[in-house]
1. For segment 157-169, take each phi angle, set θ = phi - 60°, evaluate the Karplus expression 6.51 cos²θ - 1.76 cosθ + 1.60, and give the result in whole Hz per residue in order, putting x for glycine and proline.
2. Would you mind classifying segment 253-318 by shape? Square roots of the alpha carbon gyration tensor eigenvalues, ordered a ≥ b ≥ c; an a/c under 1.5 is rounded, otherwise it is prolate if a/b is larger than b/c and oblate if not.
3. Please list, ordered by chain and number, the residues whose modelled amide H lies under 5 Å from the amide H of F200; skip anything fewer than 5 residues away on the same chain.
4. Ranked from highest to lowest mean number of other Cβ atoms within 10 Å per residue, what is the order of the peptides 216-228, 120-132, 324-336, 276-288?
5. By per-residue mean of other Cβ atoms within 10 Å, what is the highest-first order of 308-317, 109-118, 149-158?
6. How large is ³J(HN,Hα) for each residue in segment 314-323, as worked out from phi by the Karplus curve 6.51 cos²θ - 1.76 cosθ + 1.60 (θ = phi - 60°), to whole Hz, x for Gly and Pro?
7. Would you mind classifying segment 144-302 by shape? Square roots of the alpha carbon gyration tensor eigenvalues, ordered a ≥ b ≥ c; an a/c under 1.5 is rounded, otherwise it is prolate if a/b is larger than b/c and oblate if not.
8. Under 18 Å from the Cα of K237, which lysines turn up, not counting those fewer than eight places away in the same chain?
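Just so you know, all these numbers are worked out from the coordinates, no wet-lab data involved. Just so we're clear, the structure is a prediction, and the values are computed from it rather than from any experiment. Cβ: placed from backbone, ideal geometry, glycine included. Neighbour counts: every protein chain shown.
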Amino acid sequence: MRLALAASLAPSLPIVAAARFRVRRAMASSLSAAAAAPAKVGVVQMTSVGDVDANYATCSRLTKASTLVSCSLPSHLIKPGVLAARAMAGWIAAVEAAASGVKFLCFPEVFSFIGSKDGESVKLAEPLDGPIMQRYCSLAKESGMWLSLGGFQEKGPDDSHQYNTHVIIDDSGTIRSSYRKIHLFDVDVPGNMVYKESRFTTAGDTVVSVDSPFGRLGLTVCYDLRFPELYQILRFKHQTQVLLVPSAFTKVTGEAHWETLLRARAIETQCYVIAAAQAGKHNEKRESYGDSIIIDPWGTVIARLPDRLSTGFAVVDLDLSKVEAVRTRMPISEHRKFDSVWKSSSL
């Protein structure tokens, strides 16, 4: 019907122009109104540490790449110190990404700091309007891109606890949304060590999604990945199109489950999954698996860094029309039954 309407509106146009108009109209009608033009998104891989000198050395190495673009280093990052060292690596990565045309850059969990001693992160925790996060707000504005930052050590409900918070900043430097990690990593990793995240971190209690130029984003953090019901809520209750999973998986659990879990979440929700990862050895006690990755709604890996331990980012064109195409051809939202009332039966 739309094609017929297009033809009826074009009798006075030259034949070629009318044909082009009909083609454009047909293409537009095949896309969902919610689908935006493809946009470049980047997924970061890095090795955060708790040593200021080591962070600064990494930033100095990456600075060489930043000279390829015509912009100057913000004055607050020229001054030495803990905050400058922690913010500088992220600024340089974003500048490099901007040179690649990236509009949305996703950083891993604990991007700003990983300590080597218990309680270090709690001492450094700040509210989201504190100086550390505000530097990243300036970074987003100066780079002209959206940033996914998570988890950040947000000041918690008391002096002994923090929140592990995923923050979304838009290209004007405004915090658009934040999510406090719900599932805390209290695990005895086989052949590795015992983790007790809840000792210093308070769990969140709210599922969060946010609209963006890149679709509706579902916010999660790391260990959340093992709880598919969270992603089902994001997909079917929040109507998300892109799931964000910033992480710092352990080497042991990453080797066993990382890609499998991520592809499963993409397939069962028919969403893009963007999973930024910490990589390599942070200190004598802690090592992360790496392998930052982007997966499409069919479960295909479409971007990853060539080296699982390198620092850098991978870029892909994120096309929301692919989300709609997969969901149209396999309409699981129409077929699912668990929102209906089921009779329970005893075994």
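1. x, 8, 5, 9, 9, 10, 10, 9, 10, 8, 10, 10, 10
2. Since a/c reaches 1.5 but b/c is at least a/b, the shape of segment 253-318 is classed as oblate.
3. When sequence neighbours closer than 5 places are left aside, there are no close amide H contacts.
4. Highest to lowest by the protection proxy: 216-228, 276-288, 120-132, 324-336.
5. 149-158, 109-118, 308-317
6. 10, 10, 8, 7, 8, 10, 5, 5, 5, 4
7. Oblate, since a/c reaches 1.5 and b/c is not below a/b.
8. Filter leaves K337.
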